[in-house]
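Peer 1: Next up is a structure, given as structure tokens.
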Amino acid sequence: MLEGGCHCGSVRYSVAGEVEHHGLCHCSDCRRCAGATPVPWIAFKSEGLTVTKGEPTVYHSSEGVERHFCPTCGTGLFYFNEAALPGLVDIQSVTLDRAGDFAPEGHIMMIEALPWEAGVDSLPSSTVFPAWIDAHSAAASRSSASFACRAHISA
Ligand SMILES: [Zn+2]
Ligand SMILES: [Zn+2]
């Protein structure tokens, strides 16, 4: 039994059963709905999913497709598409509490990827916010290590 939830904690879920597939989706619908790309999706039999706290909001991004997200913090959680994935729920896998235990199997829907996506692995990489971001922020006088996406880390 695995557990997961949204960022704010309003929606929590558990899921049981075997992993059916786990892919990084580069399609335009996932990108627009998540505001990010790629979107990691891990699939289980939908009967294994239980929402244990709260109630996700459902958005129909296209006919027959349900995308469930937290109404408070906006975290994307579940995807149902009975025509394409009968009997399955796709879960945004990084919402699992143990997300690090589940590595994706591959990239999917690269046909709709943005032109620059194939080259992201060769970009410069920094363990924290690097100088080229600090230089353009109000925190320019701080060290890179004190600056992060979570405001309370930078205090
Ligand atoms: Zn939330
Ligand atoms: Zn997609």
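The values are calculated or read from the model by the stated rules, or taken from the named source; none is laboratory data. Fair warning: this is a prediction, and the values are worked out from it, not measured in the lab. Quick reminder, even Gly has a Cβ in these numbers, built from the backbone with ideal geometry, and neighbours come from all protein chains shown.
Peer 1: In the set 49, 24, which member is within 14 Å of the chain's Cα centre (by Cα) and either in the same structural domain as residue 109 (by TED's automatic domain parsing) or modelled with pLDDT of 95 or more (or both)?
Peer 2: Working: 49 fails: within 14 Å of the chain's Cα centre (by Cα).
Just a single option satisfies the conditions, and that option is 24.
Peer 1: Only one of 20, 3 is over 18 Å from residue 74 (Cβ atoms) and within 16 Å of ligand 1 (Cβ to nearest atom). Can you tell me which? Even if it seems obvious, please write down each step before you answer.
Peer 2: Numbers: 20 fails: within 16 Å of ligand 1 (Cβ to nearest atom).
From the options 20, 3, the qualifying one is 3.
This table checks each residue for (1) within 16 Å of ligand 2 (Cβ to nearest atom); (2) under 26 Å from residue 111 (Cβ atoms); (3) of a type in the set (Phe, Trp, Tyr); (4) in a strand (DSSP E or B).
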residue	(1), (2), (3), (4)
13	no, no, yes, yes
30	yes, yes, no, no
63	yes, yes, no, no
67	yes, yes, no, yes
73	no, no, no, no
79	yes, yes, yes, yes
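Peer 1: Follow-up question, since we're still on this one. Could you look through the stretch 1-52, keep only residues that are over 30 Å from residue 119 (Cα atoms) and acidic (Asp, Glu), and pick out the one that is surrounded by the fewest Cβ atoms within 10 Å (Cβ to Cβ)? Before the answer, list the steps.
Peer 2: So in the stretch 1-52, the residues over 30 Å from residue 119 (Cα atoms) come out as 1-5, 8-18, 44-52.
Among the residues that remain, those that are also acidic (Asp, Glu) are: 3, 18, 47.
Working: 3: 14, 18: 8, 47: 11.
Restricting to residues being over 30 Å from residue 119 (Cα atoms) and acidic (Asp, Glu), the top hit is 18.
Peer 1: Same structure, new question: Residue 63: within 16 Å of ligand 1 (Cβ to nearest atom) and out of contact with any strand residue (DSSP E or B) (no Cβ under 7 Å at 6 or more places or on another chain), yes or no? I'd like the intermediate steps shown before the answer.
Peer 2: Values: within 16 Å of ligand 1 (Cβ to nearest atom): no; out of contact with any strand residue (DSSP E or B) (no Cβ under 7 Å at 6 or more places or on another chain): yes.
For residue 63, the condition - within 16 Å of ligand 1 (Cβ to nearest atom) and out of contact with any strand residue (DSSP E or B) (no Cβ under 7 Å at 6 or more places or on another chain) - is not met.
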